[in-house]
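Data first, discussion second: the structure below is written as structure tokens.
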Amino acid sequence: MRRLNMRSFSAPALDALWWAMEDLQPLFSLLEGFRIEGQGAAETFAICGPILEGECNIFVKYAMRIRFYSMTTESNIHTSAYVKVLRATSRSCLLPCLNYLQCTIGSPLLLFLISPLLRLFCAESPSLEPCDIHTFIDELGPVAQNLKCLRLKLPLTNSILQAVIQAPSLEYLSLHSENDHSLSVTRFFEDLSSSATLKFLRLAGAMHIDNGPSTVPMLSFPNLWDFKLEPKELLAVKNVTSFFRYAKLPWLAKFKCHIALIATNETLKPDDLSDFLNTLGQATNFSLHELDFGRYQKAYKSKVGPTIADLPILARFQLLDLRIPFLNPVSPGDIKFMINSWPDLRHLELGSLQHPKLGFEEIVRIANGLPRLRSLRMEFIFRGLPSINEVPVLRHKMGVLILRLFLAESSIDDPARLDDPMVFARCIDRLFPKLELPNCGFLVPNGFDTSPWTRIGLILLQLQGARNDQALRVDGTSKSDTESDVSMS
């Protein structure tokens, strides 16, 4: 590895070679005294003897080339080697120009890597020592004034949270707690020093929202653009509503939140959800383009959810992406509402708490009414198909299509209808000729795993292949005819 500093390399080439590192042995190998100590399991690298001034200069020169360092494996460089180098170079940071640091192992060596130029720090491991992390982040504030991105997925403690809260100018912050330490979203927002600069915020794991009002008159996040709340346990919709009554997020474009519905098996209180959406709209000036309530969760114990008709306030948001997993069966009127409200919709995912009532004709309506849709995930019931010639041939650019088909027994077992999967695939292909089939799925209920319906993706792939072959054949024929005409003339 010492050849990385050979004179045959130009300075730009050396900069490229040393820009990203996963192991610091090549750097320490620039020192003559760097060698193996011990044997077997006790084998480690250390520095023997003094470090000369010339070696210090070379070491620092190459250390300054490293901008990205990924700590993914246990280092066999003894801590004393770090201490000796820092003492000899009169520096407090081993990699003074480090911009990006990623850590997936527990190591106190992090404390030697607090660079004043650090812009991103990512730590993801349940084995990380909380004391090392909170000390590291605590020191980042006064040293790394340009730190913009902080992503942590580890057991959170009060000390770590306090250190994060004090970071002065973050733009991207993601915290995923891997223990049961519950984060108070309300208190976190009240104390966060980066409130004026933050653009992206994701909180996941154990969390709660306080029942009472905020102690701060207004929680202002003037630049927050993307906000995700992904709790370990669903948040009560009333508490989320209460939180947004004291929040101002004028530029928020994307919001994701896992909330709990207040309902029994017979009745629902849609007013709670409507109140939440209204409060969310007022806090964001109805600027949201993406609204995501997550995927279906077993915590939705109720079998009754809202309908789109229960939530007319949704029309005030100019949505491009929408995901709701807890609706009552979606009706044709709901589809019409969405087409009229959001003609530029790009991503749509609808989940029902009851069996669906939509038929294939609503898929046709979606294809016609939402020409910019790129992904669709929904459920529908198979009640037969129109004639293939009645299905429009579109140039729709839908890429991802995931449909859950609820089939009547007759649709599976009736010999007279064994061609239904082929007809269905042909109808889908006429609507959506650009499907990215590895990303698509056509799901049938358990018990029908051997049904031809499970092979719809393969049928679509064959249809696309045949169409592409035909296009090549036509192009080839045209080219051949042209060449023939030229030669004859």
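Observations, loosely collected:
- Residue check for residue 242: at pLDDT below 95, within 21 Å of the chain's Cα centre (by Cα), small (Gly, Ala, Ser) and surrounded by 19 or more Cβ atoms within 10 Å (Cβ to Cβ): no
- Residue count for the range 63-79 satisfying the condition of being of a type outside the set (Val, Ile, Thr) and modelled with pLDDT of 95 or more: 7.
- Among the candidates 147, 175, residue that is out of contact with any Cys (no Cβ under 9 Å at 6 or more places or on another chain) and part of a strand (DSSP E or B): 175
- As a summary of the residue check, residue 378 satisfies the conditions (1) at pLDDT 95 or above; (2) in contact with a Leu (Cβ under 6 Å, 6 or more places away or on another chain); (3) not basic (Lys, Arg) except for the one numbered (1).
- Odd one out for residue 196 among (1) in a loop (DSSP other than H, G, I, E, B); (2) small (Gly, Ala, Ser); (3) within 20 Å of residue 21 (Cα to Cα): (3)
- Restricting the range 196-223 to residues that are of a type in the set (S, T, N, Q) and over 22 Å from the mean Cα position of the chain (by Cα) leaves a set whose member that is nearest to residue 260 (Cα to Cα) is 211.
Yes or no, residue by residue, for (1) of a type in the set (Asp, Glu); (2) more than 30 Å from residue 47 (Cα to Cα):
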site	(1), (2)
111	no, no
125	no, no
136	no, no
143	no, no
159	no, yes
171	yes, yes
181	no, yes
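- Output for the range 316-337, where each listed residue is within 22 Å of residue 441 (Cβ to Cβ), modelled with pLDDT of 90 or more and outside any strand (DSSP E or B): 335
- Filter result (of a type outside the set (A, V, I, L, M, F, W, C), over 14 Å from residue 157 (Cβ atoms) and in a loop (DSSP other than H, G, I, E, B)) within the range 178-193: 193
- Any hit, the range 202-212, residues being surrounded by 15 or more Cβ atoms within 10 Å (Cβ to Cβ), in a helix (DSSP H, G or I) and at pLDDT below 90: no
- When the residues of the range 159-172 are filtered to those that are over 22 Å from residue 234 (Cα atoms) and outside any loop (DSSP other than H, G, I, E, B), the one that is modelled with the highest pLDDT is 172.
- Scanning the range 452-473 for residues that are surrounded by 18 or more Cβ atoms within 10 Å (Cβ to Cβ) and among the basic types (Lys, Arg) yields a total of 0.
- Failed item, numbered, when residue 163 is tested on (1) touching a strand residue (DSSP E or B) at 6+ places or on another chain (Cβ under 9 Å); (2) of a type in the set (A, V, I, L, M); (3) surrounded by 20 or more Cβ atoms within 10 Å (Cβ to Cβ): (1)
- Checklist (1) out of contact with any Phe, Trp or Tyr (no Cβ under 7 Å at 6 or more places or on another chain); (2) at pLDDT 90 or above applied to residue 120, failing item: (1)
- Selection count where residues are in a loop (DSSP other than H, G, I, E, B) and over 17 Å from the mean Cα position of the chain (by Cα), scope the range 225-235: 2
- Flag if residue 156 is touching a residue at least 40 places away in the same chain (Cβ under 8 Å) and more than 25 Å from the chain's Cα centre (by Cα): no
- Filter pass, residue 400 being within 20 Å of residue 370 (Cα to Cα), surrounded by fewer than 14 Cβ atoms within 10 Å (Cβ to Cβ), modelled with pLDDT of 85 or more and hydrophobic (A, V, I, L, M, F, W, C): no
- For first residues located in the range 368-394 and closer than 19 Å to residue 440 by Cβ, partners that are in a loop (DSSP other than H, G, I, E, B) and of a type in the set (D, E, K, R) and lie 6+ apart or on another chain with Cβ distances below 6 Å form the pairs 372/344; 372/346; 374/346.
The values are calculated or read from the model by the stated rules, or taken from the named source; none is laboratory data. Quick caveat: nothing in here was measured; it's all calculated off a predicted structure. Virtual Cβ from ideal backbone geometry, glycine too; neighbours counted across all protein chains shown.
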